[in-house]
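We did not get these values from a lab; they are worked out from the coordinates using the rules stated. These numbers come from a predicted model, not from an experiment. Positions of Cβ are backbone-derived with ideal geometry, glycine not excepted, and every protein chain shown enters the neighbour counts.
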Amino acid sequence: MRFTSEEMAQTKRFDELYAKSQSDVMLSIERRVCGCDYGGTSWTTRSEADGLITLLGLNSRTHLLDLGAGSGWPALYMAKTSGCRVTLVDLPPNGLRIAEQRAAKDGISAMVTTRIADAASLSFPDNSFDAISHSDLLCCLMHKHSVLAACRRIVRPNGRMAFTVISVAPGLSAKQHRRAVENGPEFIESDDDYTSMLEQTGWKIVAYQDLSASYAASCSRQLEADEAHSDDLANLIGSNEYLERVAGWRAKLAAIDDGLIRRELFLVAP
């Protein structure tokens, strides 16, 4: 699948972000926001990761595929905790390189495979995985239907997929919709809602959670953590980018609090 200039620019930004994510200040912020220190870019907290292990039934006999895996959060934690095998897929090479290093540090390299690949055109054989996860990935991709269809093909008949996603709330005015899009991930918009997309790609919803309240709490912690580490963060990314970053968190938090953006968890089965 050919990538647009916007998609290629996004991959480059994530690659640069993962390179900075291992700095002391970034890891300190991550511990405060999500309770982990992998250099992750999703909003998944440690308690959410523990919940995913249970929802997916992960254990030493299961093989998990994690899409948009980045530097390994939460998939490496899930593998270490449950004993499952895990295959990490993403496009930015820096993230997967960091994930491999973390797997070695945690003594789980034998359980971990990494692959640079596009989530919308996966080349794994049919029925390859017992479980699939992705954290706040679909809202960062254009080809959402293709990703869901690819996952449906490669999951085993008795397998499950769990994912979180950030979306525009329904029923907004045009002005509210624009504000939601401005404060969400780059490709948050979609023609269909996720319930419809899942039905169209052969999935049935087993469980659903609205995580918007915890999303707002995480965003609030993010703002507080950034401000508490203002000097170190400004030295790392530059003063102007720091100010833009903090202003962005404030605007995002306001949009969440106003009900314009929501974060959801879906557990689905074939």
Q: Mind checking the full-extension length gain between Ser128 and Ala254? Use 0.36 nm per residue of separation minus the Cα-Cα distance, one decimal, nm.
A: 41.2 nm
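Looking only at the chain, where both bridge partners belong to it, what percent of the DSSP beta bridges are antiparallel (to the nearest 5)?
Antiparallel: roughly 40 percent of the beta bridges in the chain.
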Q | Value of Rg to Rh for region 22-145 (Rh from inverse mean 1/r over Cα pairs, i.e. Kirkwood) | A | 0.94
Q. Residue farthest toward the positive end of the dipole of region 90-227, with Cβ of Lys/Arg at +1 and Asp/Glu at -1: which of Val147, Phe129, Gln176?
A. Phe129
Q) In the P(r) worked out for region 1-94, what percent of Cα pairs fall beyond 17 Å? A) 54
Q.
For the chain, set up a GNM with springs between Cα atoms under 10 Å and report which of Leu52, Leu172, Leu17 has the largest fluctuation.
A. Leu172
**Q.** Two-decimal ratio, the chain, of alpha-carbon radius of gyration to 2.2 N^0.38 Å
**A.** 0.96
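Taking 0.36 nm per intervening residue step and subtracting the Cα-Cα distance, what contour gain separates Asp50 from Glu244 on full extension? The partial results should precede the final answer.
Values: separation 194, 0.36 × 194 = 69.84 nm, distance 3.28 nm.
Between Asp50 and Glu244, full extension yields 66.6 nm more.
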Q.
What's the whole-number percent of alpha carbon pairs in region 87-211 lying beyond 26 angstrom?
A. 30
Q: Compute the convex hull volume of the Cα atoms of region 76-148, divide it by the residue count, and report the result per residue in Å³ as a whole number.
A: 97
Q.
Could you work out the relative contact order of the chain? I mean the mean sequence separation of Cα pairs under 8 Å and 6+ apart, divided by the number of residues, in percent.
A. 19
Q) Ile116 to Asn235: extension gain in nm, 0.36 nm per residue of separation minus the Cα-Cα distance? A) 39.7 nm
Q | Spin-label model distance (nm) - His177 vs Asp106, 7 Å beyond Cα toward Cβ | A | 4.1
Q) Highest GNM mean-square fluctuation, the chain, Cα pairs closer than 10 Å: which of Glu16, Glu241, Glu100? A) Glu241
Q. In nanometres, what is the gap between the two model label sites at Leu27 and Glu227, each 7 Å from Cα along Cα-to-Cβ?
A. 2.7
